[in-house]
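Remarks on the structure that follows.
The values are calculated or read from the model by the stated rules, or taken from the named source; none is laboratory data. Treat the numbers as computed from the prediction; the structure is a model and nothing was measured. Don't worry about glycine lacking a Cβ; one is built from the backbone with ideal geometry, like all the others, and counts go over all protein chains shown.
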Amino acid sequence: MHDMYFKPLSKEDRKKNEYLEQVNHAPYFMISMIIMAVFILFTTAVLLGVF
């Protein structure tokens, strides 16, 4: 393995990291909306199937 050398972040590196932090996140809102829609459709199908 090679030795790792750490250096202070440059201004450009900070901007890249800031951009990646802003963009790179899980779409929790969309995931919860999809789960809720599937649950509602399933519930509706069960209720309509009973009658």
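The single condition among (1) at pLDDT 95 or above; (2) surrounded by 10 or more Cβ atoms within 10 Å (Cβ to Cβ) that residue 47 does not satisfy is (2). Listed by first and then second residue, the pairs with beta-carbon distance under 9 Å, at least 6 apart or on different chains, first residue in the range 6-33 and in a helix (DSSP H, G or I), second modelled with pLDDT under 95 and not aromatic (Phe, Trp, Tyr), are 17/9.
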